[in-house]
Amino acid sequence: MKTADESTASHPSVLPFAIMCVGMFIALLDIQIVASSLQEIGGGLSAAQDQISWVQTAYLIAEIIVIPLSGWLAHVFSTRWLFVLSALGFTMASMLCGLAWSIDSMIVFRALQGMFGASMIPIVFTSTFHYFPGPRRVYAAAVVGTIASIAPTLGPVVGGWITDTLTWHWPF
């Protein structure tokens, strides 16, 4: 049987955790969302075939650089403020990707998007252990693991559907 303190202490953690999970889902989804739209993006930006792959590569390189720095960044800014800054930066970079006027601007904006999105992923994993004590931690970890598996899988499908329905600008 739970005491009043145990049940009240865990409820406030659910909303911030859910919001963070949505951010992580979008960051992970975005890794692959442009995969099925690369040809349309390249055509829309008059890019050469060898330049198109940099749209994906720029995101991943930036992400690979920032993920190991996330612990230090969380220590400097706090987990909460790092997540807020990451989400705001990711959103702004996403809008800039949708407004890109050349392949070079798209590559720069995708690198920014990867840089900001990178911190959201480890922060959610860390928050799982911070927000949820004991047995609840297992459920929270299962949610995070499911999101980490589903988001990249859905990316190409969602990106292709959005591009076919609207234009290459909208997956961002």
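For the reader, a short list of remarks on this structure follows.
- Meets criteria (in a helix (DSSP H, G or I) and either exposed (fewer than 14 other Cβ atoms within 10 Å of the Cβ) or aliphatic (A, V, I, L, M) (or both)) for Trp101: no
- Inter-residue pairs, beta-carbon under 8 Å, first hydroxyl-bearing (Ser, Thr, Tyr) and in region 155-172, second surrounded by 14 or more Cβ atoms within 10 Å (Cβ to Cβ) and assigned to a helix (DSSP H, G or I), 6+ apart: Thr163/Ser36; Thr163/Ser37; Thr163/Glu40; Thr167/Glu40; Thr167/Gly44
- Residue count, region 26-70 (criterion: among the hydrophobic types (A, V, I, L, M, F, W, C), surrounded by fewer than 19 Cβ atoms within 10 Å (Cβ to Cβ) and touching a residue at least 60 places away in the same chain (Cβ under 8 Å)): 2
- Checked against (1) farther than 23 Å from Asp50 by Cα; (2) open to solvent by less than 20 Å² (accessible area, probe 1.4 Å), Arg110 meets all criteria but (1).
- Selection status of Ala141, hydrophobic (A, V, I, L, M, F, W, C), open to solvent by less than 50 Å² (accessible area, probe 1.4 Å) and touching a Gly at 6+ places or on another chain (Cβ under 8 Å): no
- Applying the criterion of being of a type outside the set (Ser, Thr, Tyr) and out of contact with any Asp or Glu (no Cβ under 9 Å at 6 or more places or on another chain) to the residues of region 149-158, the residue that is farthest from Ala35 (Cα to Cα) is Ile150.
- The number of residues in region 148-161 that are under 22 Å from Ala87 (Cα atoms) and either open to solvent by less than 30 Å² (accessible area, probe 1.4 Å) or in contact with a Ser or Thr (Cβ under 8 Å, 6 or more places away or on another chain) (or both) comes to 4.
- Among the helices (runs of 4 or more DSSP H) confined to region 12-85, there are none with at least 2 residues that are touching a Pro at 6+ places or on another chain (Cβ under 6 Å) and at pLDDT 95 or above.
The values are calculated or read from the model by the stated rules, or taken from the named source; none is laboratory data. Quick caveat: nothing in here was measured; it's all calculated off a predicted structure. All Cβ positions, even for glycine, are placed from backbone atoms using ideal geometry, and neighbour counts span all protein chains on display. Surface accessibility is based on the protein's heavy atoms, side chains included, excluding ligands, DNA and RNA. Shrake-Rupley method; radii C 1.70, N 1.55, O 1.52, S 1.80 Å.
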